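No lab work stands behind these numbers, since they all come straight from the coordinates. Just so you know, these numbers come straight off a predicted model, no measurement behind them. A quick note on method: Cβ atoms are made from the backbone with ideal geometry, for glycine too, and the neighbour counts reach across all protein chains shown.
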Amino acid sequence: MILLTIVWAERKIAARVQMRVGPFHVSPRLGGYFQLIADAVRFVMQEVIITVDSYRILFVALPPLFVALALMPSFMVPLSPYLALLSRPSLHYGIIMALAVLFYLFIIVVGIGWAVNNRFAYIGAAREALIITAYEIPLLDAFVSMFMTYKTIDPIEIVAKQTYIVGALYNPLAFIVYIIGVAMATSRFPFEIADYEGDVATGPYSDFSSIFLALTYAGGIYIALFSYSLLGALVFLGGWAPIAPGPWPADLWGNLAAAAWVMIKTFILMLFFVFLRSVMPVARLDHTLSFSWRWVLTISLAATAVSAAEYFLL
């Protein structure tokens, strides 16, 4: 439901900025809210085309793997102190494991570009490989900074320490780096460089159609955005705080309310990222790399210094 709403919102916001209507004909009374469902049906009904020059096994196997890896981190973190799929010992390292999985996504994207085997896909895959070097270290550093601030990597303890002041206020520099890093990692404007339709014809995802296009360019990227936003909601926006539910399942409604509060914060973050499409131009690759290595990395190191001061002085 969140993904359905966020894609609908992105289309509607962009349409308003460009003085268009946006989705309308499917469920017009709801503003075209169910347009995405109609699009999904269309994707599924389309013929699956596998190009002659592609590497067929990778072409078929990597799109579902991309979606699986993008979604997996959301199952590694809790939605309330008692609502989580992992056991308590494993949950202690949930955020670390989630980040590790998300940082492997770029390998899948490069592999997808290799599998497609055309010039646009190669250019997009090469751009993705360069961009990962620009955002991975600062983004990881932003989370490490917050771990130092909270003096723990346990997601439940992290949320517990944000009862009155959220992490974005504890260390605004780390939050800024997180925003920029996630925009780069999920091809949000102005960093939609590897798959920008204007010059590389969706890059690594060119020549994909039907269900494969839905799993990659039209699906996997948004799922990755959801996972990154969920981590941000827990680490920077206080998670389920100030709700303090009792043990599950005795306090069923309390835990569901906590989970809903986390989802609302996740949705707000996603809404901000998709809003960038309507107001930001696409940056050049060399400008993006220079900006990241010169400024984003510097800000991330400053965020670490702030967290180190908080760690030793507070």
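Report the residues of the stretch 144-180 in range of a label on A100: point 7 Å along Cα→C-beta, backbone N strictly under 15 Å from it. Inside the label zone: 153-154. Each peptide among 39-49, 24-34, 177-187 gets the average number of other Cβ atoms lying within 10 Å of its residues, and from highest to lowest they stand as 177-187, 24-34, 39-49. Considered as an equivalent ellipsoid built on the Cα gyration tensor, the stretch 1-45 has semi-axes of 18, 11, 10 Å, the largest given first. Full extension of the segment from Q18 to I268, taken as 0.36 nm per residue of separation minus the current Cα-Cα distance, would add 87.8 nm. Backbone geometry of the stretch 300-305 corresponds, through the Karplus equation with coefficients 6.51, -1.76 and 1.60 at θ = phi - 60°, to 3J(HN,Hα) couplings of 5, 5, 5, 4, 5, 5 Hz, x marking Gly and Pro. Centre-to-centre, using Cα atoms only, the stretch 4-19 and the stretch 221-237 are separated by 20 Å. Using alpha carbons only, the radius of gyration of the stretch 49-173 set against its Kirkwood radius gives Rg/Rh = 1.10.
Couplings 3J(HN,Hα) for the stretch 149-165, derived from phi with the Karplus relation 6.51 cos²θ - 1.76 cosθ + 1.60 (θ = phi - 60°), are 4, 7, 6, 6, 10, 6, x, 5, 5, 4, 5, 4, 8, 10, 4, 10, 10 Hz, where x marks Gly and Pro. Electrostatic bookkeeping for G124 treats Lys and Arg as +1 and Asp and Glu as -1; over the other residues with beta carbon under 12 Å from its beta carbon, the sum is -4.
Average projection, convex hull of the Cα set of the stretch 175-281: 8.3 square nanometres. Taken about its Cα centre, the chain carries a charge dipole of about 560 debye when Lys and Arg each add +1 at the Cβ and Asp and Glu each add -1 at the Cβ. For the stretch 107-149, the residues whose amide N sits under 18 Å from a probe point set 7 Å from the Cα of S209 along the beta carbon direction are 116-121. Projected label points at Q46 and Y93, each 7 Å from Cα along the beta carbon direction, are separated by 4.1 nanometres.
Lys/Arg Cβ at +1, Asp/Glu Cβ at -1, dipole of the chain taken about the Cα centre: which of M146, V26, T202 is farthest positive-ward? The one lying farthest along the dipole's positive direction is V26.
Basic side chains Lys and Arg get +1 at the Cβ, acidic Asp and Glu get -1 at the Cβ, and with that the dipole of the stretch 1-45 about its Cα centre reaches some 160 debye. The Cα-based radius of gyration of the chain, divided by its Kirkwood radius, gives an Rg/Rh of 0.98. The stretch 108-152 gives an Rg/Rh value of 1.29, both radii derived from C-alpha positions and Rh following Kirkwood.
The residue among L79, I165, Y311 whose Cα reaches farthest toward the positive pole of the charge dipole of the chain, with charges on the beta-carbon of Lys, Arg, Asp and Glu, is I165. In terms of other Cβ atoms within 10 Å, H92, H287 run from fewest to most in the order H287, H92.
In the chain, the DSSP-assigned H stretches of four residues or longer account for a calculated mean residue ellipticity at 222 nm of -20000 deg cm²/dmol, using -39500 (n - 2.57) per stretch and the full residue count as denominator. What the phi angles of the stretch 234-245 give under the Karplus curve with 6.51, -1.76 and 1.60, with θ = phi - 60°, is a coupling list of 6, 8, 10, 10, x, x, 8, 4, x, 5, 10, x Hz, glycine and proline written as x.
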